[in-house]
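Some notes on the structure that comes next.
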Amino acid sequence: MNVRRSAAVLAATAVIATAAPAVAASPSPSPSVVIPEGLYGAGDPTYDGVWRQSLALIAQDRVKVKPATEAISWLAGQQCANGAFAAFRADPAKACDSKVMVDTNSTAVAVQALSAFGGHEDEIGKASTWLQSMQNKDGGWGYTPGGASDANSTAVVIGALSEAGQDVAAVVHEGRSPFDALRELALPCAESGAFAYQPDKKGKLAANADATAAAVVALRGTSMLRAKVDTWPEAACADAPHLTEEQAAANGASYLAQAVQKDGYLKSVLPGAEDQPDYGNTADTVVALAVQRGEKAARKPLTWLEKNSATWAEQSGPAAYAQLIIAADVAGGDPRDFGGTDLVEQLNATGPAPQKAAAEKPSEDSGDGSGNAVWWTVAAGLAAGVGIGFLFSGRKKKRQP
């Protein structure tokens, strides 16, 4: 659940740290491509356009905001004829060829987003079929078609298949299901009970917090769109010859709870940034703890994000706002008053005005205009806001990030 760049760079970075292709990249205040109408954010969308757009739409749906038709249409129009999505296609009218680098993460997150809106059954069906055709022998998926399976890619595909109406446990390749693939990446309790992103070159597994958060949510059979708070018995980490999905999720949640127990946040695992908070992965952890252990377990990291994430979100753009909205919505927070910030308003201002906001008119009866503050805030943002941020932001019309 985070940020991106070229497929090769993204895959390499993901091994180091993240969930889905969301990994913080360098700010891109001057996009190298024309930012199309309907796209959220002001940064170059080359490596994250579909991802950030999908997260924005998912977050808006969760808080009952009806996105602009053009925002949904832009996402649907990114699909290739074979059902797959690339990170970004500057000219969607041009047929996809071998040079278009489609990937499982962009495809899966687009499915989750489009599932929130009616009329996209064909796109969802084609994407689901493509994803299933790309399943590896171990039951999982890598970022690129045919690439080695990893926990984050497998998890986001599980969410997509669930939204497409598939019985995930029955989606098998050579007798192996997506849940089998995730279990293969689970560490024994003596080594934390966490999940690895994928084995290293020697086949060794190393605990990865964001891979663990993604796996916990996926093992519950849910998605970013439908994840909701739940409270399962708080089980200690336990090994078994064949872990059930429930026990594997419980083990992962146990690891995450310990990881945020002291400070309330996860630290970055990127080289040279070990002492810096990892805001995006902390948000993912909030969701995982909430769906497995309930609001109380997620409260400490959620509270930390409320107090500390404003600057990160402003710099990072729509995907960051979306991650925080999803975390707050799942874990019982208030996305419209998150540490004093209205995350929903901030996200809306990075893209085309939502349908309801676009239809609102200033009231002639208002003496001081205060009743129209939200309308004017959105209008001002659309007209003059500036957008900077990471690759997970974007929109050319100088909308605020």
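The values are calculated or read from the model by the stated rules, or taken from the named source; none is laboratory data. Not measured: the values here are computed from a predicted model. Neighbour counts are summed over all protein chains in view; Cβ atoms, including those assigned to glycine, are modelled from backbone coordinates with ideal geometry. Only protein heavy atoms, including side chains, enter the accessible area calculation; ligands, DNA and RNA are left aside. Shrake-Rupley method; radii C 1.70, N 1.55, O 1.52, S 1.80 Å.
The residues neighbouring E245, those whose beta-carbon lies less than 12 Å from its own, together hold a net charge of 0 under the Lys/Arg +1, Asp/Glu -1 convention. Sparse packing (at most 11 other Cβ atoms within 10 Å of the Cβ) combined with a DSSP loop state is found for none of the chymotrypsin sites (Phe, Trp or Tyr not before Pro) in segment 264-341. Here the Karplus relation 6.51 cos²θ - 1.76 cosθ + 1.60, evaluated at θ = phi - 60°, turns the backbone of segment 73-86 into coupling constants of 5, 4, 5, 4, x, 7, 6, 7, 4, 7, x, 7, 10, 9 Hz, with x for every Gly and Pro.
Taking Cβ atoms as reference points and 13 Å as the exclusive limit, the residues near A84 contribute a net charge of -1, counting Lys and Arg as +1 and Asp and Glu as -1. Highest-first packing order for the peptide set 64-72, 290-298 is 290-298, 64-72, based on the mean count of other beta carbon atoms within 10 Å. With K and R counted +1 and D and E -1, the other residues having a Cβ less than 14 Å from that of Q198 yield a net charge of -1. A protection proxy built from the mean count of other Cβ atoms within 10 Å ranks the segments 76-86, 46-56, most packed first, as 46-56, 76-86. Accessible surface for D138 stands near 60 Å², nearest 10, in the context of the full protein assembly shown (1.4 Å probe).
Expressed as a whole percent, the accessible surface of segment 118-171 that belongs to carbon and sulfur atoms is 47, based on a 1.4 Å probe. Here segment 145-187 and segment 240-268 have alpha carbon centers that stand 19 Å from each other. Of the residues H120, H242, H173, the one with the largest accessible area comes first in the ranking H242, H173, H120, computed with a 1.4 Å probe on protein heavy atoms.
Residues whose amide H lies under 5 Å from that of G43, counting only those 5 or more places away or on a different chain, are S393, G394, R395; hydrogens are built 1.01 Å from N in the peptide plane. Couplings 3J(HN,Hα) for segment 238-248, derived from phi with the Karplus relation 6.51 cos²θ - 1.76 cosθ + 1.60 (θ = phi - 60°), are 9, 8, 7, x, 9, 5, 6, 4, 5, 6, 4 Hz, where x marks Gly and Pro.
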